[in-house]
Amino acid sequence: MISQLPEIPPDLRAFMAEIGPQWVPSVHIKQMIERFSAVLKYSPKDGVTVRRDCPYGDHSRQMVDVYLPNDGQTQRAAVLYVHGGAFTDGNRNRSDEMFGNVLTYFARHGIVGINVGYRLAGDAPYPGGTEDIAAAVKWARDHAGEIGVDPTRIFLMGHSAGATHAGSYAYDKRLQPAGGPGIAGLIVISGRMRAETSPENPRAEKVVAYYGTSDAAKLNDLSPVSHVDSSSVPTFVAWAEYENPLIDVHCAELVFKLSAAKKRTPPVVWLRGHNHSSIVAHINTAEDTLGHAIRQFIENPR
């Protein structure tokens with residue numbers, strides 16, 4: 001089933017290295033989307049059926065796309081992927097190829113992929129994003145039989161601000177249904193796990209736009225990382241060598257908090273040579289370090 005996968009071209013790797021730590025979100029995200037979309041159009045999509053625009057709520061953004069393996073098996077694991085966008089931007093399909101590449105990858109490896117759209121800060125300030133994640137998880141559980149999913153093997157995966165929403169749902173009991181989050185694990189990719197407005201944060205105004213405050217004590221209470229404890233769901237954490245400022249620090253803090261609470265370190269991947277966008281944009285290419293590690297976590301979450 002696994003066909004030839006495209007390599008990341010040497011000139012694109014050289015461009016990523018040239019950008020390196022001089023990551024400017026307003027410039028480089030667009031460049032990464034364009035250049036990786038050109039690579040991903042050659043990625044195989046065989047063996048996958050996509051059901052698009054399945055509503056889980058009344059808002060136009062409250063929809064999911066479901067990526068189904070074609071072999072007819074049931075009781076599969078599922079991954080709900082939550083895109084980033086600094087709380088105020090983004091879409092579950094950032095281009096014709098992104099972020100569908102992530103869900104295509106999982107489906108081609110026998111895992112149902114669910115690409116989650118959600119309302120942005122302008123329509124749904126805190127905790128609106130997390131409320132949408134809760135509704136999407138409920139949708140997946142309610143439709144598990146229809147889409148061939150084992151409801152005890154549903155994983156939540158978020159990138160950037162999407163990881164913030166996913167983390168708030170996974171860790172903050174105030175934002176969960178009475179029976180708990182109903183997920184088997186959380187996959188954090190380059191997540192903004194601490195809400196803060198320090199001068200080093202180029203997205204500080206976006207944080208205020210979503211949370212409605214710049215008060216440090218209030219933001220600390222609303223941060224996903226503040227609610228990690230010994231009962232937190234199994235978590236996988238990954239970040240890139242070249243991140244948006246402070247994202248790597250937030251992820252490292254999450255690893256520390258999980259390690260202290262659970263008395264063991266969570267699975268961690270630090271992806272050399274990649275940046276805040278390429279860490280998800282490269283999935284379903286020939287480079288499989290991150291994807292393989294995530295699949296191992298899904299097989300044996302801890």
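The values are calculated or read from the model by the stated rules, or taken from the named source; none is laboratory data. These numbers come from a predicted model, not from an experiment. Reconstructed Cβ throughout: ideal geometry from the backbone, glycine too, with neighbour counts over all protein chains shown.
Data table
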| item | result |
| --- | --- |
| Filter pass, Ala217 being out of contact with any Ser or Thr (no Cβ under 6 Å at 6 or more places or on another chain) and part of a helix (DSSP H, G or I) | yes |
| Residue that is farthest from the chain's Cα centre (by Cα) [pool: residues in segment 16-43 that are aromatic (Phe, Trp, Tyr) and modelled with pLDDT of 95 or more] | Tyr42 |
| Counted residues, segment 147-158 - those being farther than 12 Å from Met193 by Cβ, touching a residue at least 60 places away in the same chain (Cβ under 8 Å) and of a type outside the set (A, V, I, L, M) | 4 |
| Looking only at segment 44-87, and only at residues there that are assigned to a loop (DSSP other than H, G, I, E, B) and closer than 13 Å to Glu146 by Cα, the one that is modelled with the highest pLDDT | Gln75 |
| Close pairs from segment 51-72: first under 11 Å from Trp139 (Cα atoms), partner part of a strand (DSSP E or B) and among the β-branched types (Val, Ile, Thr), Cβ under 8 Å, at least 6 apart | Cys54/Val64; Cys54/Val66; Tyr56/Val64; Val64/Ile114; Val64/Val116 |
| Sole exception among (1) touching a residue at least 24 places away in the same chain (Cβ under 8 Å); (2) among the hydroxyl-bearing types (Ser, Thr, Tyr); (3) surrounded by fewer than 22 Cβ atoms within 10 Å (Cβ to Cβ) for Tyr81, by number | (3) |
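Per-residue answers, yes or no, for (1) surrounded by fewer than 19 Cβ atoms within 10 Å (Cβ to Cβ); (2) among the charged types (D, E, K, R); (3) more than 23 Å from Pro301 (Cβ to Cβ):
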{"site": "Thr152", "(1), (2), (3)": "yes, no, no"}
{"site": "Arg174", "(1), (2), (3)": "yes, yes, yes"}
{"site": "Pro181", "(1), (2), (3)": "no, no, no"}
{"site": "Arg194", "(1), (2), (3)": "no, yes, yes"}
{"site": "Tyr210", "(1), (2), (3)": "no, no, yes"}
